[in-house]
Amino acid sequence: MRGGQWQLLRLIDGLRAAGHECELLARAGSPLYAEAERRGINVHAWTLLSIWKRSRAANVMHDVTHAHDARSHTAAVTAGNTRLIVSRRVAFPVQPNPVSRWKYRRAAHYIAVSRMVQQTLVYAGVAPSRITVVYDGVPMQPPSHGSEILVPESPDPRKGTALALQAVKLAGFDAHASRDLERDLARAGLFLYITQSEGLGSAVLLAMSAGVPVIASNVGGLPEIVEHESTGLLTANTPRAIAGCVQRLMQDRALAQSLGARARALVEEKFSVEQMVAGTIAVYEALA
């Protein structure tokens, strides 16, 4: 489960709470499918054929179809869905080939997770009027009073887990690589998020919601949520630069606590689940 899957589940929970009926297609056997079943969501096994069939039916049966990954996007436009919304969460550019250009011309509207992602869509030729920025929303976590340095564990080499652990060791500390961020935040005194590419960073928002001071890579959409020296620290992706930030916040706990407190207030003000759901519903209503 990555940030996009958790955002989807929070969105569906919010939509159902607001009285909207939802149907989810997800890969059978995936953590998303299992979690959706556990929550009582109307979920069906994902195949290219099932998406194609349901996308065609959705023009009659559903007010909107919302694609959350590239394959769903492709299947829905191939099926001729005319009320298709596509979420884009990644920071890398749209591929400049005829197939991508064809695909990106055919969705009715795009939801970008940050202004940075919005710009990648504009560069790909999507009209700004067809893009709405809706930031991720996270549930507020209990304030953390821990002392551990927390690093998200990821096999994705672009996420920089190895670099983060190397930098923490260089700084003279130990770190815990977390597979369950919500569980582990209670013992965190610092959250280190190192990545080569990032659309926004919902894991960072989750740490901020617990008042955990954050050090994050100065890439992608991360500067839209981490204001350097105010709600966290931004760093270059080098072991020495990261280690310097770690030493600074581990040695100056008053600064770390003030960054964490301002970060928590920012999440409560601008990045709640309720705001994310309301922003998405507004896009649905404009299209439907």
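Any read-out appearing in this document is the output of simple, stated calculations on the displayed coordinates, not a laboratory observation. Predicted model, so just to flag it, every value in this text is computed and none were measured. In this analysis, Cβ positions are derived from the backbone assuming ideal geometry, glycine residues included, and neighbour counts consider all displayed protein chains.
Tell me which GluC sites (Glu not before Pro) from the stretch 183-235 have a DSSP coil assignment and no more than 12 other beta carbons within 10 Å of their own. The qualifying sites are E229. With θ taken as phi - 60° and the Karplus curve 6.51 cos²θ - 1.76 cosθ + 1.60 applied, the whole-hertz 3J(HN,Hα) list for the stretch 30-39 is 7, x, 5, 4, 5, 5, 5, 4, 4, 8 Hz, x standing for glycine and proline.
At an R0 of 22 angstrom, the distance between the Cβ atoms of W102 and T47 translates into a FRET efficiency of 0.50.
Within a straight-line Cα-Cα reach of under 18 Å, K103 can be paired with the following aspartates and glutamates, leaving aside sequence neighbours fewer than 8 residues apart in one chain: D69.
For the stretch 72-87, backbone phi angles converted through the Karplus equation (6.51, -1.76, 1.60; θ = phi - 60°) give residue-by-residue couplings of 4, 4, 4, 5, 5, 6, 5, 6, x, 5, 9, 10, 9, 10, 10, 8 Hz, Gly and Pro being listed as x. Near the amide H of T235, within less than 5 Å, lie the amide hydrogens of A216, S217, N218, all on another chain or at least 5 residues away, with H placed in the peptide plane. Within the set (i) 23.9; (ii) 14.5; (iii) 26.5, the number that mean projected area of the Cα convex hull in nm² takes when calculated for this structure is listed as (ii).
How high is the relative contact order of the chain, in percent, with contacts defined as C-alpha pairs under 8 Å that are six or more residues apart? Display every interim value, and only then the final one.
Numbers: 539 pairs, mean separation 47.1, N = 288.
Relative CO of the chain lands at 16 percent.
Sequentially through the stretch 146-163, phi angles give Karplus couplings (6.51, -1.76, 1.60; θ = phi - 60°) of x, 9, 6, 8, 10, 10, x, 7, 8, x, 6, x, 6, 7, x, 4, 5, 5 Hz, Gly and Pro residues having no value and appearing as x. Overall, the anisotropy analysis places the stretch 148-270 in the rounded class: the square-rooted eigenvalues a ≥ b ≥ c of its C-alpha gyration tensor yield a/c less than 1.5. Fully extending the segment from R158 to N237, taken as 0.36 nm per residue of separation minus the present Cα-Cα distance, adds 27.3 nm.
With n ≥ 4 as the cut-off for DSSP H runs, can you work out [θ] at 222 nm for the chain, using -39500 (n - 2.57) per run divided by the number of residues, rounded to the nearest 500?
Computed mean residue ellipticity for the chain: -14000 deg cm²/dmol.
The charge dipole of the stretch 148-270, taken about the Cα centre with unit charges on the Cβ atoms of Lys, Arg (+1) and Asp, Glu (-1), comes to about 240 debye, rounded to the nearest 20. Simple spin-label model, 7 Å along Cα-to-Cβ: S30 to Q95 in nm? About 1.8 nm separates the two model spin labels.
Restricting to DSSP loop positions (anything but H, G, I, E, B) with no more than 13 other Cβ atoms inside 10 Å of their own Cβ, which trypsin sites (Lys or Arg not before Pro) remain in the stretch 156-203?
Answer in residue order: R179.
Placing +1 on the Cβ of every Lys and Arg and -1 on the Cβ of every Asp and Glu, with no other charges, gives the stretch 85-176 a dipole of roughly 780 debye about its Cα centre. Annotation for the stretch 82-142: trypsin sites (Lys or Arg not before Pro) lying in DSSP loop with at most 12 further Cβ atoms inside 10 Å of their Cβ do not exist.
Quick one: putting +1 on the C-beta of Lys and Arg, -1 on the C-beta of Asp and Glu, what dipole do you get for the chain around its Cα centre, in Debye to the nearest 20? Walk me through the intermediate numbers first.
On the way: 31 positive and 24 negative charges, 199 e Å.
Computed about the Cα centre, the dipole is about 960 debye.
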